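Student: Here it is, the structure in full.
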Amino acid sequence: QVHLVESGGGLVQPGGSLRLSCAASRSLLSINTMGWYRQVPGKERELVADMGSSGSTNYADSVKGRFTISRDNAKNTVYLQMNTLKPEDTAVYYCNFRGRLYTYWGQGTQVTVSS
């Protein structure tokens, strides 16, 4: 069974930074897109950022200029560098790998931005 294991969440003050990581428990073939989503209670899960196999990226407007997604295919890992964090960024963050046939989700990691 494949697991995506997330780490790096936690409590940070506004203006601070965190780096999330998500690694697959084993090598996955034909993963086209790696990305990050987040969800706040009572709201739908939303795309934060993703990256295709070619290196192309998409970012939510709310995080452009502050967040950076990267991936290391050899390590089956995706990262999300989050800078200048705002209280509005508080959410559970989920990594997502999408391949030809399957979609994989991480377990979620809590990010709380508060003074």
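The values are calculated or read from the model by the stated rules, or taken from the named source; none is laboratory data. Owing to the predicted nature of the structure, the values given are computational and were not obtained by experimental measurement. Positions of Cβ are generated from backbone atoms using ideal geometry, with glycine treated the same way; all protein chains shown enter the neighbour counts. Areas reflect the complete protein model, heavy atoms only, side chains present, ligands, DNA and RNA absent. Shrake-Rupley method; radii C 1.70, N 1.55, O 1.52, S 1.80 Å.
Student: Out of all the residues in the stretch 98-106, is one or more modelled with pLDDT of 95 or more, part of a loop (DSSP other than H, G, I, E, B) and either small (G, A, S) or open to solvent by 70 Å² or more (accessible area, probe 1.4 Å) (or both)?
Tutor: The answer is no, given that none of the residues of the stretch 98-106 is modelled with pLDDT of 95 or more, part of a loop (DSSP other than H, G, I, E, B) and either small (G, A, S) or open to solvent by 70 Å² or more (accessible area, probe 1.4 Å) (or both).
Student: Within the stretch 5-28, identify whether any single residue is at positive phi and touching a strand residue (DSSP E or B) at 6+ places or on another chain (Cβ under 6 Å), and answer yes or no.
Tutor: yes
Student: Say we look at the stretch 67-91 and pick out the residues that are in contact (Cβ under 8 Å) with a residue 40 or more places away in the chain and under 10 Å from the mean Cα position of the chain (by Cα); which of these is most open to solvent (accessible area, probe 1.4 Å)?
Tutor: Of everything passing the filter in the stretch 67-91, Q81 is most open to solvent (accessible area, probe 1.4 Å).
Student: Got a number for residues in the stretch 1-51 being within 17 Å of T77 (Cα to Cα) and either part of a strand (DSSP E or B) or modelled with pLDDT of 95 or more (or both)?
Tutor: 24
Student: Name every residue in the stretch 52-66 that is of a type in the set (D, E) and either open to solvent by less than 30 Å² (accessible area, probe 1.4 Å) or at pLDDT below 95 (or both), in order of residue number.
Tutor: Across the stretch 52-66, there are no qualifying residues.
Student: Given the conditions (1) touching a residue at least 12 places away in the same chain (Cβ under 8 Å); (2) open to solvent by 40 Å² or more (accessible area, probe 1.4 Å); (3) farther than 14 Å from Y94 by Cβ, which single one is not true for G16?
Tutor: (2)
Student: Right, here's the next one. Of everything in the stretch 1-57, what is aliphatic (A, V, I, L, M), over 14 Å from T68 (Cα atoms) and in contact with a Leu (Cβ under 9 Å, 6 or more places away or on another chain)? Give them in sequence order.
Tutor: Of everything in the stretch 1-57, those that are aliphatic (A, V, I, L, M), over 14 Å from T68 (Cα atoms) and in contact with a Leu (Cβ under 9 Å, 6 or more places away or on another chain) turn out to be V2, V12, A23, A24.
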